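Right, one structure below, let's go through it.
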Amino acid sequence: ETGVTQSPTHLIKTRGQQVTLRCSSQSGHNTVSWYQQALGQGPQFIFQYYREEENGRGNFPPRFSGLQFPNYSSELNVNALELDDSALYLCASSHSGGSDNEQFFGPGTRLTVL
Amino acid sequence: TQLLEQSPQFLSIQEGENLTVYCNSSSVFSSLQWYRQEPGEGPVLLVTVVTGGEVKKLKRLTFQFGDARKDSSLHITAAQTGDTGLYLCAGTKSDKLIFGTGTRLQVFP
């Protein structure tokens, strides 16, 4: 059974640029959630995708967008990058309706905006 | 707006000591989870508590969910250097996880 994987592991961008982060969900999982974790803080919920549709969104502006593909993998896109977007971006997969709503996290993508 | 506040924010102790981490909220959650996160990795689930007043034990770790399902605590007995990491509580609302502010624990030999 393959766990959650994310790519790339590290990324450096400049203000105003656009970035795409990728996540492959764990086998058998149909739901992907994205989180932003600033240094020294807990993860903040960005949005969740279930069956290729957005299924809930946190307090993030529209320049944060996402996609989920038929194989349940997912992308997070951020446009017009700002310095404060520098963070660890975590992806978590789960099986909707599964017991305890357990989410399995990937190792994250560390984004630095200069 | 952080719905879940953890305390303390930082904790530095020696091996063998006991410690308690608190997770408090004014909101009611359907369940609450505790995670540990190590540098360069995503959070790893330690336990889920569902029922108000529930107590769960995982070796030297004891987790309690408050009677009103608004708060929780994590108690570690005889801490070891391997317990070092970032401890996160997370409440479940409408199938979404809301994470706490985190407690960074450093255990020295």
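The values are calculated or read from the model by the stated rules, or taken from the named source; none is laboratory data. None of the values given here were measured: they were computed from a predicted structure. Note that each Cβ is placed from the backbone with ideal geometry, even for glycine, and that neighbours are counted across all protein chains shown.
Quick one: count up the residues across region B:17-37 that are surrounded by 12 or more Cβ atoms within 10 Å (Cβ to Cβ) and more than 18 Å from B:K93 (Cα to Cα). Residues flagged as surrounded by 12 or more Cβ atoms within 10 Å (Cβ to Cβ) and more than 18 Å from B:K93 (Cα to Cα) within region B:17-37 amount to 7. Here A:Q68 qualifies as away from chain B (no Cβ under 13 Å) and under 18 Å from A:Q26 (Cβ atoms). Given the condition without any contact (Cβ under 8 Å) to a residue 24 or more places away in the chain and under 22 Å from B:F99 (Cα atoms), answer yes or no: does some residue in region A:30-41 qualify? Among the residues of region A:30-41, at least one is without any contact (Cβ under 8 Å) to a residue 24 or more places away in the chain and under 22 Å from B:F99 (Cα atoms), which makes the answer yes.
Scanning region B:95-109 for residues that are part of a loop (DSSP other than H, G, I, E, B) and in contact (Cβ under 8 Å) with a residue 12 or more places away in the chain turns up B:G100, B:T101, B:G102, B:P109. Scanning region B:85-109 for residues being touching an Asp or Glu at 6+ places or on another chain (Cβ under 8 Å) and hydroxyl-bearing (S, T, Y) gives a total of 1. Only residues that are within 11 Å of chain A (Cβ to nearest Cβ), among the basic types (K, R) and touching a Gly at 6+ places or on another chain (Cβ under 7 Å) were counted in region B:67-107, giving 1. Scanning region B:5-24 for residues that are in contact with a Ser or Thr (Cβ under 7 Å, 6 or more places away or on another chain), farther than 16 Å from B:F63 by Cα and among the hydrophobic types (A, V, I, L, M, F, W, C) yields a single hit, B:L11.
When region A:1-44 is limited to residues that are surrounded by fewer than 20 Cβ atoms within 10 Å (Cβ to Cβ), closer than 26 Å to B:S7 by Cα and polar (S, T, N, Q), the one that is modelled with the highest pLDDT turns out to be A:Q44.
Against the numbered list (1) at negative phi; (2) touching a residue at least 40 places away in the same chain (Cβ under 8 Å); (3) surrounded by 16 or more Cβ atoms within 10 Å (Cβ to Cβ), B:S7 comes up short only at (3).
Against the numbered list (1) within 14 Å of chain B (Cβ to nearest Cβ); (2) surrounded by 17 or more Cβ atoms within 10 Å (Cβ to Cβ); (3) touching a residue at least 24 places away in the same chain (Cβ under 8 Å), A:V113 comes up short only at (1). The set of residues in region B:26-48 that are touching a Leu at 6+ places or on another chain (Cβ under 9 Å), in contact (Cβ under 8 Å) with a residue 60 or more places away in the chain and farther than 20 Å from A:Q37 by Cα comprises B:S27, B:F29. Report yes if A:Q103 is in contact with a Ser or Thr (Cβ under 6 Å, 6 or more places away or on another chain), surrounded by 17 or more Cβ atoms within 10 Å (Cβ to Cβ), more than 22 Å from B:L3 (Cβ to Cβ) and modelled with pLDDT under 95, otherwise no. No, not satisfied. Within region B:38-66, being away from every other protein chain (no Cβ under 14 Å), crowded, with 16+ Cβ neighbours inside 10 Å and at pLDDT below 95 holds for one residue alone: B:G66.
Of all residues in region B:61-101, those satisfying the criterion of being closer than 15 Å to B:E5 by Cα and aromatic (F, W, Y) are B:F65, B:Y87, B:F99. For region A:46-59, the criterion of being out of contact with any strand residue (DSSP E or B) (no Cβ under 6 Å at 6 or more places or on another chain) and at pLDDT 95 or above is met by no residue.
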